[in-house]
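The values are calculated or read from the model by the stated rules, or taken from the named source; none is laboratory data. All values derive from a computational prediction rather than experimental measurement. Positions of Cβ are backbone-derived with ideal geometry, glycine not excepted, and every protein chain shown enters the neighbour counts.
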């Protein structure tokens, strides 16, 4: 796994916690391992599967940390049920992963954001990811600590293994009656999924046309 893959998640954590909860997150030193660690009592796990990348992302919190966020959002007298705490963990994970997805799409990696799975134990890791290193980054905030872990690897076959037709931006824009600039903007946001060849030319999968029918 390239260490650069974790940077969008670090940036996303800093942005989301500051915007959503008014907390300044300070990342610690990244560490690598071959399996996730047991860093917090509540873990939100989300799979990363798409064109260019597959893997998973985990963010671990303590219950106390999430309770402090709820209190800060709704008042110091507010108490939260475990269901509400779990929902908050899932929502934070959704926002962080969505933010990181947008950053990774600019590098040519696209994946879908699934519904986070909340776990109070160490999550099961897909068999196909067990030989891929996990990058762990701890964060400190005024309300407590949390930890993120990510394990990703590129999908070598990308679209090519599907044996389906690929289009350049110019070709795709004619088929969909969109300007090339509009097609590029959809690629940047991740709405359209494509890959870049060694010459940095975008190629777009035939099935992406269906989004404009």
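Some notes on this structure:
- Unique match (being surrounded by fewer than 21 Cβ atoms within 10 Å (Cβ to Cβ) and closer than 30 Å to residue 205 by Cβ) among 68, 54: 54
- Single condition residue 39 does not satisfy, out of (1) touching a helix residue (DSSP H, G or I) at 6+ places or on another chain (Cβ under 9 Å); (2) surrounded by 15 or more Cβ atoms within 10 Å (Cβ to Cβ); (3) at pLDDT below 90; (4) at negative phi: (1)
- Total residues in the stretch 154-175, condition modelled with pLDDT under 75 and more than 27 Å from residue 6 (Cα to Cα): 4
- The residues of the stretch 164-213 that are assigned to a loop (DSSP other than H, G, I, E, B), farther than 17 Å from residue 105 by Cα and free of Cβ contacts under 8 Å to residues at least 40 places away in the same chain, listed by number, are 168, 177, 178, 179, 199, 213.
- Checking each residue of the stretch 99-121 against the condition of being part of a helix (DSSP H, G or I) and more than 25 Å from residue 189 (Cβ to Cβ) gives no match.
- Some residue of the stretch 73-92 being in a strand (DSSP E or B) and either in contact with a strand residue (DSSP E or B) (Cβ under 9 Å, 6 or more places away or on another chain) or under 23 Å from residue 135 (Cβ atoms) (or both): no
- Yes/no for residue 127 being free of Cβ contacts under 8 Å to residues at least 60 places away in the same chain, assigned by TED's automatic domain parsing to the domain that holds residue 143 and within 30 Å of residue 196 (Cα to Cα): yes
- Selection status of residue 78, surrounded by fewer than 16 Cβ atoms within 10 Å (Cβ to Cβ), modelled with pLDDT of 90 or more and not assigned by TED's automatic domain parsing to the domain that holds residue 188: no
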